[in-house]
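What follows draws every value from the coordinates through simple rules; no lab data is involved. These numbers were taken from a predicted model, which means no experiment stands behind them. Glycine gets a Cβ as well: all are built from the backbone with ideal geometry, and neighbour counts include every protein chain shown.
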């Protein structure tokens, strides 16, 4: 039982991180049909920037805040300099652009930061808590709480603010949104900014547990994408559900089967979903009219 | 013996019954037109007959054989060709190459022969080229053969689709709104092309909005409305059918039909 | 274009490359250059294959390096663990890649657009993960050494020998690809690229054609991978990694989708560039990312088609 709980919490924690990445994907995809592979780099930038700013002397909370700002700036730059100029490009072209961006950002991180692993001090102290026989790091709870707060804030924004309505409108029908006076370019830019912020927060929260380095972005992006696909790309709730399921699948298979192939789970999930139910668990199926 | 037959075809999309128990019997060598207002299901019916959609109910018979649900490429190989309402031209290829693709079912080179560019492939290429050129000549596009398809004006592209379909040497040719967006001169040219096709024994099934063309050229007309058959008959019968006149031709359409010369 | 003009076109490009291939070694100051050139042609072979899939048929594969790895490790494992002569392993690898492409391609090629892109990406990464994990066979993340190629009694070691092997293989591969282009299958593939539904109603079995070209392009990648392993004498799972797949795609994009000669240019740029920028070695990834972004945003058709248009003075 203790073992089960151990895997459960670890799956929950990693699932929470994937959820934030997946939410970022979903937000941008909904606003612009772009699958943003640089999403993982936002997470990396959040963690790495905080580490290096703190090392340069900034107090930790300030460093974290600055890191989020930096990442938001990168997200906006990505939109303005790489996505916008591409105009009406095909989905594949757009994916390749974001892949190029993620490689570029990775390369830049290599140069600006370094190639080593870095950590941040845990926020609620280091000693693990005992919950039902499982050793749970307090930071895990921070990650879960943080993810939960982000999801709630996002939901509040989408559901309660006019800006949120504009985002939804843009997602549902961009042309119609423009016709009613919504500046869809700004909205798409906003979605990039918010996704970047979410990613950065995820990165900062999880670094005390998983460490960070210049190349954590790629795998995270792929897993976040798998989670979004599993839940149904385009559905925010699906992104969270898919991410938690993926996190659990990883933790339990690593625990009970083989930890070597833990990373393969996400890709098997991608293939399985694409081939059997491309609309995911919660997505709506699309009918193609000729 | 009928060459194309649809028996009680039905299909629904997400709760909307697009086609409801539609039956058609088409004799060889005639021009069979399907008309009806927008949304009547004409293109859906075409898609059902040409294998793009699989009907939820009903059968399609081609030359006596049950071809319901057969993949489009198999139907094509049996001699059923079609054009598209929203042009599906191969824009990156030249006009000639577009027509050459139409010869696919008559080409038979194997992969190894192609990789090695054996004489059999070279022969196949020239035969295909000749046949394609002939098809282009029939629609008056031979002079544009080497142009990229994307440079052609709209009316010419419609003719290119027909040429491409002709290159397959079909027994039945489905034309989906070939006159859409064409000016009267182009429509007249289309009329001549369709007549020449029929003269060769090809059966033409036409979906069209241009009433003058339809009344001029059709041997039989099938009227579709809301996914169901309203009526079917000769030009004279349909033109004077009060239900058709009232609901679909309207005052304007009736005068157009009256002006068409048989 | 008349028949003779078309033929002339096809052979001219290849003849020019052949001439360059023959003359080039005269300009090499040292074997280092020979080795770099060899690498260019080895990669160019894989790029030609990927071009058949992406440029002609209009599909996308973000996991093609998986087949490169299969080809490379077939040689490594076959020669080291199974005692199969290296040259035979090249064929075994090719057959294996073709088979895997056939099995994997069947379900995957039903997908379109970004779904297909991600599925192929997943495939490539899975291959890399398996290669990394099955250390007993593959030597794990650090890879394994690959025995030298031995043809009859001759141990192929010298840079020069590999130069001729790589260049002649590329020329053969390019010739086959150009032949394919000027054939019913070539036209069918290009038709599929522009409109699958129109291709289908013209009698083309679209799934079959896609699968066939997927397998062919996998075989090209596999042979390239086998050569890479034998040439370097060593192989690691990175050869199948995500980054390697993206580099291959970048080479296709750079040179021009659908251009066989462009494949060579794309490979040349992306192999030579890191070599020339040794001082700026750490910026390698940044440059790759910039190239990919830049070309996909501004020069989607790549270098060759743009150049060809400029030279021919024709609007394409």
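By how many degrees, 0 to 90 and rounded to 10, does the Cα axis of helix A:162-172 deviate from the longest principal axis of chain A?
Long axis of A:162-172 versus the principal axis of chain A: about 70 degrees.
Give the order of B:73, C:73 when sorted by the count of other beta carbons within 10 angstrom, beginning with the fewest.
Lowest count first: B:73, C:73.
Would you compute, from DSSP H runs of 4+ residues alone, the mean residue ellipticity of chain A at 222 nm, taking -39500 (n - 2.57) per run and dividing by the full residue count, rounded to the nearest 500?
So the helix-based figure for chain A works out to -24500 deg cm²/dmol.
Considering the convex hull of the alpha carbon atoms of the stretch B:1-67, report its projected area averaged over all viewing directions, in nm², one decimal.
Averaging across all directions leaves 4.5 nm² for the Cα convex hull.
Taking chain A as a Gaussian network, where each spring joins two C-alpha atoms under 10 Å apart, which residue of A:26, A:276, A:71 fluctuates the most?
Comparing A:26, A:276, A:71 in a Gaussian network model of chain A, the most mobile one is A:276.
Provide the packing ranking of B:48-58, A:212-222, C:215-225, i.e. peptides ordered by the mean count of other C-beta atoms within 10 Å per residue, highest first.
Sorting B:48-58, A:212-222, C:215-225 by mean packing, highest first, produces C:215-225, A:212-222, B:48-58.
Taking the alpha-carbon set of the stretch A:5-53, what are its Rg and Dmax in Å?
Expressed in Å, the Cα Rg and Dmax of the stretch A:5-53 come to 13.4, 39.
Post the alpha-carbon centroid distance, the stretch A:156-195 to the stretch C:180-209, in whole angstrom.
Taking the Cα centre of the stretch C:180-209 as reference, the centre of the stretch A:156-195 is 40 Å away.
Springs between alpha-carbon pairs under 10 angstrom, Gaussian network model over chain A: which of A:24, A:125, A:164 fluctuates most?
A:125
Order by neighbour count: A:98, C:132, B:231, fewest other Cβ atoms within 10 Å first, most last.
The most exposed by this proxy come first: B:231, C:132, A:98.
For each of C:158, A:32, count neighbouring Cβ atoms within 10 Å of the residue's Cβ, then give the residues from fewest to most.
Least to most surrounded, the residues fall as C:158, A:32.
Each label point is 7 Å from the Cα along the Cα-to-Cβ direction; what then is the distance between the points at residue C:135 and residue B:123, in nm?
In this crude spin-label approximation the distance works out to 6.1 nm.
Given the DSSP H assignment, sum -39500 (n - 2.57) over each helix run of at least 4 residues in chain C and divide by its residue total; what's the result at 222 nm in deg cm²/dmol, nearest 500?
So the calculated ellipticity at 222 nm is -24000 deg cm²/dmol.
Have a look at the stretch A:1-121 and give its Rg and Dmax from the Cα atoms, expressed in angstrom.
When restricted to Cα atoms, the stretch A:1-121 yields Rg and Dmax of 16.7, 54 Å.
Nearest 10 degrees, 0 to 90: what angle lies between the long axis of helix A:91-112 and the longest principal axis of chain A (Cα atoms)?
40
Restricted to Cα positions, what overall size does chain B have along the principal axes? Three whole-Å values, descending.
Extents along the principal axes, in whole Å: 64, 40, 36.
Between residue A:178 and residue B:259, how many nm apart are label points set 7 Å from Cα along the C-beta direction?
My value for the distance between the label points is 3.9 nm.
For chain A, modelled as a GNM with alpha-carbon contacts under 10 angstrom, which of A:122, A:208, A:61 fluctuates the most?
A:61
Between residue A:130 and residue C:282, what FRET efficiency follows from the Cβ-Cβ distance if R0 is 51 Å, with the result rounded to 0.05?
0.65
Rg/Rh for chain A to two decimals, with Rh computed the Kirkwood way over all alpha-carbon pairs.
0.97
Show me the three semi-axes of the equivalent ellipsoid for the stretch C:162-316, from the C-alpha gyration tensor (sqrt of 5 times each eigenvalue), largest first, rounded to whole Å.
Sorted largest first and rounded, they come to 29, 21, 16 Å.
Given the C-alpha centroids of the stretch C:115-130 and the stretch B:75-117, what is the distance between them in whole angstrom?
First find each Cα centre; the distance between them is then 32 Å.
Extending each Cα 7 Å along its Cβ direction at residue C:23 and residue C:208, get the distance between those two points in nm, one decimal.
4.6
Using the alpha carbons of the stretch C:3-244, what is the convex hull volume per residue in cubic angstrom, as a whole number?
Dividing the Cα hull volume of the stretch C:3-244 by its residues yields 130 Å³.
Measure nothing but the geometry: give the 0 to 90° angle between the long axis through the Cα atoms of B:154-167 and the longest principal axis through the Cα atoms of chain B, rounded to 10°.
Helix B:154-167 sits at roughly 70 degrees to that axis.
Given q = 0.08, 0.09 Å⁻¹, what are the Debye log10 I(q)/I(0) values for the protein assembly as shown, with equal point scatterers placed on the Cα positions and solvent ignored?
The calculated log intensity ratios at q = 0.08, 0.09 Å⁻¹ are -0.82, -1.00.
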